[in-house]
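The values are calculated or read from the model by the stated rules, or taken from the named source; none is laboratory data. What you see is a predicted model, and the numbers here were worked out from it, not measured in a lab. Positions of Cβ are backbone-derived with ideal geometry, glycine not excepted, and every protein chain shown enters the neighbour counts.
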Amino acid sequence: MSDTPDTAVTASDDIATGPAHAKPAAAARPSRAPWFILLLLLLLVAGAGYYWVSVMYRAEQAALEAAFATHSTALEGLGRRFDENAAELAAITDGQGTLESRLVDVVRTHDSLTDSVKALYARDAQVSLDWILAEAEYLIFAAIQRLALEHDASSALAALRAADTRLESARHPDMLGLRERLTRDITALEAVEQPEVEGLALYLAEAATRVDALPTRPIAGFDTSFSNTRDEDVAPGNWSGIARALWRDLVSLVEVKDGQLDDDVLFDPKLRYLLGQNLRLELASARLAVLRRDDENFRAAVQLSGDLLRQYYDGTDGGVRALAARLDETAGIVLDPPLPDLADSLDAVRALRAASAADPAP
C-alpha cells in the first residue's frame, strides 16, 4: 500500500516529462516516386519524338519531295512553253515586218494605179461623159414612154433609178443638178399608188365564165289557161257588149296568183338567159375598162353588175355573195392615177449633153 503513491508519482512525472526527455528518432529517407514518374515521361517524349521522326517526318518528307518533283516538272513544262511562245512571237514579229513591207508596196502600187486611172480619165473624160449622158437620156425617154403608153409607173421608176445610178458613176460635178431633178421625179413616182390591173382583169374574165352557174331568184307562178274566160251573151248588133267581152277575155288570159310580188321576181324563164347575157356583158365591159384604165366606164359597169346581182340573183348563194363583195371592193379603185411629168428631166439631160458637146474641154 505504501509503494503505490510513489509509483504513481513517478509515472506521472514520466508522463509529464516524457516528450522532453525522449531520445531523438532517426531521420526519414526521401521518396523515389517523382523521379520515376519524371523518367517515365522523358521516355514517353523520347519515344514519341522517335516515332514522329522515323514515321511521320519521313512520310511528310516523301510527300514534299513528290510535290517538289511535280512542281519541278510543271516548271520545266512552263519553261518549254515559254521558249516555244517566244519563238512563235519572234516568227510573228518577222511576219509582221514582212507584211508591213508588202503593205507599203501595195500602197505604192495603188497610188500608181490611181494616178494612171486619173490620167486616163483626164484623157477620155469627154467621151465617157457623153456616153453616160446618152445612156441617161435613153433611160429617161424610156420611162416617159412607159408612163404615156402603158401607165406603167413601176417600169418608169426602175428606168429613172438606173439613170441616176449611171450618172452617179460619172462622179462629175455637173451631174448634181440633173440628179436632183431625177430624185424629185423618183420620189413622185414612188408616191403613185398603182392598181393591180392584170389580176383584176383576169378575175373579171373568170367571173364572166361563171355567170351561168349563179342561181337566180325564184320565178313567179302564173296561169295561162283560158279557164277564167267569162261568158257573156253577145248579140250581133251589140258592139259594146262584144267589146266588153273581148276586154274581159284579154284581161283574164293571165291571172297572177299573188298580187304583192316584188319587182325583182322573174316572170319569164326565158329572162334567165337574157339576164345572164346582160351580166356577162357588164363584166366584159368592166374588164375592158380596166385594161383601158377608164375609171368612169369601169365604175358604171361595176355598179350595173352589182345591181343585177342584188336584184335578180339569189343572195343566199356563196358565189353570188363573193362576186358582189368583190365588185363592191373594186368600185373604189383608181385605174388611172395622176402621174408625174418627166419632161423637165429629159430637157435637162439633153441641155447638159449639148453643152458638153459644145465645150470639149474636160
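If you check residue 160 against the conditions, is it crowded, with 17+ Cβ neighbours inside 10 Å, in the same structural domain as residue 351 (by TED's automatic domain parsing) and among the aliphatic types (A, V, I, L, M)? In short, yes. Residue count for the range 187-209, restricted to those that are surrounded by 13 or more Cβ atoms within 10 Å (Cβ to Cβ) and either of a type in the set (Phe, Trp, Tyr) or part of a loop (DSSP other than H, G, I, E, B) (or both): 4.
Could you please give the count of residues in the range 166-181 that are touching an Asp or Glu at 6+ places or on another chain (Cβ under 8 Å) and either surrounded by fewer than 15 Cβ atoms within 10 Å (Cβ to Cβ) or modelled with pLDDT under 85 (or both)? Residues meeting the conditions: 1. Pick from 184, 146: which is buried (at least 17 other Cβ atoms within 10 Å of the Cβ) and in a helix (DSSP H, G or I)? Answer to the check: 146. Pairs linking a residue in the range 325-349 that is over 17 Å from residue 160 (Cβ atoms) to a residue that is aromatic (Phe, Trp, Tyr), with Cβ atoms under 9 Å and 6 or more positions apart or on different chains, are 326/203; 330/203; 330/298; 331/298; 333/298; 335/298. Set side by side, the residues 334, 349, 290 differ, and just one is under 30 Å from residue 140 (Cβ atoms) and either in contact with a Ser or Thr (Cβ under 9 Å, 6 or more places away or on another chain) or at pLDDT 90 or above (or both), which is 290.
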